[in-house]
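Below is one structure; the comments refer to it alone.
The values are calculated or read from the model by the stated rules, or taken from the named source; none is laboratory data. The structure presented is a predicted model; accordingly, all values stated were derived computationally and were not measured. Glycine gets a Cβ as well: all are built from the backbone with ideal geometry, and neighbour counts include every protein chain shown. When the accessible area is computed, the model is the full protein with side chains, heavy atoms only, and any ligands, DNA or RNA have been set aside. Shrake-Rupley method; radii C 1.70, N 1.55, O 1.52, S 1.80 Å.
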Amino acid sequence: MKFDTILSGGNIVDGTGRREPFVADLGIQDDQIAAIGDLEKAETPRRISAKGQVVCPGFVDVHVHSEIALLGGRDQFAAVSQGVTTHLAAPDGFGWAPLPPEQAKELWHYTQFAYGDAELPLNWQTAEAYLDMFHGRIPANLYPQVPHCAVRLGVMGWDPRPATSDELLAMSRITHRWLAEGACSLCLGLDYQPSANADLNELVYLSSIAQAYDAIYAAHIRYRILGRKQAWEETIEIARRAGIPVHISHERVDDEVVDILERVEKEQIDLTFESYLYPAGMTHLAMMLPMEYQTGAPDDMLAHLEDPEVREKSIAHLRGELRDGSQIVGYNRSGRFIGMTLAEAAKSEGKSNEEFAFDFICQEAAIETFVMPWATPPEENERILNQTASHPRMMIASDGVYNIPHPHPRSYGCFVQYLGKFVRERQLVSLKEAIYKMSGFPAERFRIFDRGKISQGLAADIVVFDPETVADKSTWFDPVQSPVGVNWVFVNGVSVVEDGNVTGQLPGRVLRRSTWGK
């Protein structure tokens with residue numbers, strides 16, 4: 001048999017998490033893995049030595065704000081350079097279809113902190129029209145989720161109230177259309193507008209629809225509204241009432257969650273979560289305002305902030321939220337203070353941290369993004385990260401934010417950091433388990449049955465990396481740094497990284513949920 005490419009002599013880690021690494025050749029034909037074994041005598045125009053390298057499935061990032069960056073710009077190849085071959089769209093329920101142009105523009109304004117500057121048509125009347133935009137234009141695969149923010153906005157606008165029965169029916173129709181287009185989950189950001197206004201009845205109702213399609217429920221849970229423990233409890237209640245597998249975004253295993261996870265295990269609740277394994281998040285400052293001041297369309301919210309009483313109460317609230325002002329400015333509409341800490345920026349303006357933060361939200365029209373360090377001490381952070389890294393229900397996902405001047409280092413380093421720091425250096429996770437948490441596990445959980453594993457007949461999404469050198473280079477104050485040690489990446493059989501350099505090829509596809517191989 002003749003192959004397009006043969007990777008010879010690599011140490012294959014198959015993505016199942018069960019089989020020990022083994023040395024073999026791998027043959028690629030068209031867009032599939034065509035053979036695994038001794039292919040020394042097989043014909044091929046391209047034979048690549050993978051001796052001493054790990055050959056594994058492409059990584060699947062189930063929570064990443066990348067769909068617009070994949071279309072072009074500085075960060076188009078940032079994720080694929082660390083081996084990510086499939087991205088899930090609509091993280092936190094963000095999305096702009098199907099919406100009338102004016103509503104889409106409002107939601108783009110609200111979500112722009114996570115996507116940077118981009119020129120978009122914002123005029124997709126169907127889910128299919130939105131997904132068609134990506135065909136032939138992306139270096140990695142894109143897999144849709146149902147964007148709850150857009151679903152709710154299209155039916156109810158920004159109203160902070162429960163849905164009526166007629167509104168639930170209208171939301172169900174849009175949800176059905178997304179699921180019919182192959183969306184893999186109902187995705188929500190329950191601290192973000194307008195999803196934050198959904199009550200438990202709405203979440204269970206829409207989850208029941210997703211469950212009928214064998215999709216799952218994935219959410220940024222109501223940390224700021226309910227508190228973390230109660231937000232977990234709400235998610236567990238949704239799992240029970242809707243009979244649906246649930247997945248929690250960007251979590252960590254600290255003392256507060258350990259007891260809950262023990263109960264989840266004891267009661268056999270079908271729950272998973274993901275982590276990016278850095279001691280800081282990234283979001284907009286407006287998230288730190290009292291929740292009652294975050295409601296409404298962006299222009300309405302900003303008009304409300306002009307009230308002197310609202311300013312006074314918000315500043316008092318922000319004082320407790322901001323602590324020492326160690327948040328790092330990543331992006332804003334005017335481009336001011338990029339890379340500075342909030343405390344440094346506030347000092348330069350002669351203001352307190354909380355006064356600066358409130359004024360900055362208003363001045364930047366709430367289009368601003370900050371790296372948000374955890375409140376816990378560094379030693380405690382490392383204990384939590386180590387404990388999280390090996391938890392059996394955890395998979396890796398970056399929550400990356402792209403096309404902004406100063407991104408979080410996880411955007412360029414999440415997956416390779418796991419391999420370098422937690423596998424090689426700290427030896428907290430075996431190589432086969434780590435690869436599973438980045439490929440086979442997320443692929444199984446989110447219903448991608450033709451990817452995530454090395455097996456004959458599956459899609460040729462493949463990563464070749466050096467286990468001795470693979471590492472992240474991105475830092476808190478110098479985050480736009482490509483990783484090292486990832487030498488080859490194939491997407492649908494096409495090399496998008498060769499000898500550590502991106503090729504510029506755009507073989508990514510829009511994937512659809514399926515029961516293939518289930």
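Alpha-carbon geometry of the chain: the Rg and the Dmax are 22.4, 78 Å, given in that order.
Estimate the FRET efficiency between ALA316 and ASP255 by the formula 1/(1 + (r/R0)^6), using the beta-carbon distance for r and 30 Å for R0, to the nearest 0.05. Result of the calculation: an efficiency of 0.55.
Rolling a 1.4 Å probe across the protein heavy atoms gives the stretch 410-498 an accessible surface of 31 Å² per residue. Near the amide H of MET282, within less than 5 Å, lie the amide hydrogens of MET372, all on another chain or at least 5 residues away, with H placed in the peptide plane. Taking a straight line from the alpha carbon of LYS421, these lysines sit under 18 Å away, with near neighbours fewer than eight places off in the same chain left out: LYS432, LYS437, LYS473.
How high is the FRET efficiency between ASP132 and LEU200 when r is their beta carbon distance and R₀ equals 30 Å, given to the nearest 0.05?
My answer for the efficiency is 0.30.
Strictly over 24 Å apart at the Cα level, which of LYS266/LYS453; LYS2/LYS453; LYS51/LYS453; LYS2/LYS51 would you flag in this model?
Check vs 24 Å cut-off fails for LYS266/LYS453.
Put a dot 7 Å past the Cα of LYS347, heading toward its Cβ, do the same for ALA375, and the two dots end up 2.4 nm apart.
With both residues required to sit in the chain, DSSP beta bridges show an antiparallel share near 55%. If you sort ARG177, ARG18 by accessible surface, 1.4 Å probe, largest first, the order is ARG18, ARG177.
Binning at 5 Å from 0, report for the stretch 431-518 what percent of all alpha-carbon pair distances ends up in each bin. Bins of 5 Å from zero give 3, 12, 17, 22, 21, 15, 7, 2, 1 percent of pairs. In the chain, a dipole from Cβ-located charges (positive for Lys and Arg, negative for Asp and Glu) runs towards its positive end, and of PHE370, GLN327, ALA242 it is ALA242 whose Cα lies farthest in that direction. Relative contact order for the stretch 4-78: 35 percent, from Cα pairs under 8 Å spaced at least 6 residues apart, divided by residue count. The slack in the chain from TRP476 to SER514, taken as 0.36 nm per residue of separation less the alpha-carbon distance, amounts to 9.8 nm. In straight-distance terms, cross-link reach from LYS41 covers every one of the aspartates and glutamates whose alpha-carbon lies under 12 Å from its own, apart from those fewer than eight places away in the same chain; here that gives ASP25. Annotation for the stretch 323-362 versus the stretch 78-100: alpha-carbon center distance of 28 Å.
D for the stretch 145-302, whole µm²/s, Stokes-Einstein with Kirkwood Rh over alpha-carbon pairs at 25 °C and 0.890 mPa s: what number?
151
Kirkwood radius and radius of gyration were both taken over the C-alpha atoms of the stretch 314-470, and their ratio Rg/Rh is 1.08. In a simple Cβ point-charge model (Lys, Arg +1; Asp, Glu -1; nothing else charged), the stretch 89-140 has a dipole of about 80 debye relative to its Cα centre.
Note on the chain: dipole from Cβ charges, positive end direction compared against SER514, VAL258, ILE48; the farthest Cα belongs to ILE48.
The charge dipole of the chain, taken about its Cα centre with unit charges on the Cβ of Lys, Arg, Asp and Glu (plus for the first two, minus for the last two), comes to roughly 1260 debye. Note on surface exposure: MET1, MET156, MET340 rank MET1, MET340, MET156 by accessible area, highest first, 1.4 Å probe. The charge dipole of the stretch 94-225, taken about the Cα centre with unit charges on the Cβ atoms of Lys, Arg (+1) and Asp, Glu (-1), comes to about 180 debye, rounded to the nearest 20.
The C-alpha atoms of the chain define a longest principal axis, and helix 165-180 lies at about 20 degrees to it. Here SER172 and ASP38 are evaluated by their C-beta separation; at R0 = 41 Å the FRET efficiency comes out at 0.15.
In the context of the full protein assembly, ARG252 retains an accessible surface of approximately 70 Å², using a probe radius of 1.4 Å and ignoring ligands and nucleic acids. Since only ALA79, ALA443, VAL155 are under comparison, the one whose Cα sits farthest along the positive direction of the charge dipole of the chain, derived from C-beta charges on Lys, Arg, Asp and Glu, is ALA443. The listed residues GLU67, GLU167, GLU265 rank as GLU265, GLU167, GLU67 when sorted by accessible area, largest first, using a 1.4 Å probe. The heavy atoms of ASP461 offer some 10 square angstrom of accessible surface to a 1.4 angstrom probe.
Over the stretch 270-396, the fraction of Cα-Cα pairs per 5 Å bin, rounded to whole percents and listed from the shortest bin up, is 2, 10, 18, 20, 16, 13, 9, 7, 3, 1, 0. For GLU433, the accessible area of its heavy atoms, probed at 1.4 Å with every protein chain present, is near 60 square angstrom. Rg and Dmax over the alpha-carbon atoms of the stretch 220-337 stand at 17.7, 51 Å.
Note on GLU309 and GLU382: the model spin-label points, each 7 Å out from Cα along the C-beta direction, lie 5.0 nm apart. Converting phi to 3J(HN,Hα) with the Karplus coefficients 6.51, -1.76 and 1.60 and the offset θ = phi - 60°, the stretch 51-63 yields 4, x, 9, 8, 10, 9, x, x, 7, 10, 9, 8, 8 Hz in sequence order, with x at every glycine or proline. By the helix-only formula, in which each DSSP H run with n ≥ 4 contributes -39500 (n - 2.57) and the sum is divided by residues, the chain has a 222 nm mean residue ellipticity of -9000 deg cm²/dmol.
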